[in-house]
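The values are calculated or read from the model by the stated rules, or taken from the named source; none is laboratory data. Since this is a predicted model, take the numbers as computed values, not measurements. Positions of Cβ are generated from backbone atoms using ideal geometry, with glycine treated the same way; all protein chains shown enter the neighbour counts. These accessible areas exclude ligands, DNA and RNA; they are computed on the full protein's heavy atoms, side chains included. Shrake-Rupley method; radii C 1.70, N 1.55, O 1.52, S 1.80 Å.
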Amino acid sequence: MFGRRVLIVALVLLIFLAACSSSSESQQQTTLNVYAASSLAAPFTYAGLAYEKEHPGVKVQFNLGASSDLARFIQEGAPADVFASADNTNMDKVESQDLLDSQSFIFATTYLEIIVEKGNPLNISSLQDLTHPDLIFVTTNPEVPIGRYTAAAFEKASVTVAPDSLESNVKGIMLKVASGEADVGIVYHSEVIASVDQVEGVEIPTEFNIVAEFPIGIIKDSANKKEAQRFIDYLLSPVGQSVLTQYGFQTP
């Protein structure tokens with residue numbers, strides 16, 4: 001009887017110690033909330049996993065979407081630590097309301113490409129080709145960076161193209177073309193690289209192209225500013241920069 005009591009006490013003690021250990025580990029875990037343009041999904045996912053491996057106590061949680069939506073979420077008080085936008089306009093919305101801990105800066109750039117189905121069955125070779133009335137062309141509304149960049153490219157080329165549908169972000173454009181629901185769209189060169197197995201890119205001449213600038217900043221109300229800065233420093237390190245260039249971005 002005495003032996004059983006000792007065993008029960010020992011088991012209770014082990015459970016208690018395990019719970020304390022689990023609680024301690026949970027308390028030491030830091031979750032870094034990174035709000036990033038959907039066009040950064042591929043390099044950021046890779047970089048996030050590598051960063052977590054180097055920093056075992058950190059979980060990098062990505063909220064990916066259109067920069068315009070993310071800026072609005074942050075303005076409404078979403079718990080973000082880092083904001084990486086696909087344009088300066090949406091970063092300015094956050095910065096103008098004094099929501100950044102310090103001034104944002106450009107950490108990557110890319111340019112535009114036409115995307116078509118693999119094999120380019122319609123032989124699309126220029127922006128002028130997109131004016132054909134039978135083509136199904138998709139883009140986003142101008143609040144979303146890729147939509148505004150696309151409109152600027154059309155203006156440079158003096159062409160008018162009416163979209164057949166407006167997607168929520170650049171990933172939506174890619175998926176519509178990849179699935180055959182649309183014939184053509186315009187995305188970032190980096191998106192073509194990330195989706196090379198699904199779509200094919202057609203170059204846009206430099207005189208009609210747009211340089212897309214990607215700024216990044218730390219949110220003023222972040223409870224993890226030091227970790228946020230460490231993550232940004234990682235993106236700016238040789239390893240982080242190589243990940244970005246691997247996925248079609250140019251770096252400062």
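Temperature 37 °C, viscosity 0.692 mPa s: under these conditions the Stokes-Einstein estimate for the chain, based on its Kirkwood radius over C-alpha pairs, is 164 µm² per second.
Each residue of the range 93-203 gets 117 Å³ once the volume of the Cα convex hull is shared out per residue. Averaged per residue, the chain has 50 square angstrom of accessible surface, using a 1.4 angstrom probe with ligands and nucleic acids left out. About its Cα centre, the dipole of the range 162-250 is roughly 620 debye, where the only charges are +1 on Lys and Arg Cβ and -1 on Asp and Glu Cβ. In the range 103-220, the portion of solvent-accessible area held by carbon and sulfur atoms comes to 51 percent [1.4 Å probe, whole percent, DNA, RNA and ligands not counted]. Scanning residues 5 or more positions from Asp101 or on other chains, those with amide H under 5 Å from its amide H are Ile218, Ile219, Lys220, with H placed 1.01 Å from N in the peptide plane. Considering only Thr89, Val202, Leu70, and ranking their Cα positions along the charge dipole of the chain that arises from unit charges at the beta-carbon of Lys, Arg, Asp and Glu, the one farthest toward the positive end is Leu70. Coupling constants for the range 154-166 follow from the phi torsions by the Karplus curve (6.51 cos²θ - 1.76 cosθ + 1.60, θ = phi - 60°), and in residue order they are 4, 5, 4, 8, 6, 10, 10, 10, 8, x, 8, 7, 10 Hz; glycine and proline get x. Placing one equal scatterer on every Cα of the range 171-216 and applying the Debye formula, the log10 ratio I(q)/I(0) at q = 0.32 Å⁻¹ is -1.23. Derived scalar couplings between HN and Hα for the range 30-43 equal 10, 9, 9, 8, 10, 8, 9, 4, 4, 5, 9, 3, 5, x Hz in order, rounded to whole Hz, by the Karplus curve 6.51 cos²θ - 1.76 cosθ + 1.60 (θ = phi - 60°), x for Gly and Pro. Pairs from the table (Lys93/Lys226; Lys53/Lys118; Lys156/Lys225; Lys176/Lys220; Lys156/Lys220; Lys93/Lys176) lying more than 31 angstrom apart at Cα are Lys53/Lys118; Lys156/Lys225; Lys176/Lys220; Lys156/Lys220.
When the range 128-228 is described by a simple charge dipole with +1 on each Lys and Arg Cβ and -1 on each Asp and Glu Cβ, the residue from Ala223, Pro142, Ser158 located farthest towards its positive end is Ala223. Each listed q (0.14, 0.15, 0.19 Å⁻¹) maps to a log10 I(q)/I(0) for the range 19-168, found by the Debye formula over equal Cα scatterers with no solvent: -0.82, -0.90, -1.18.
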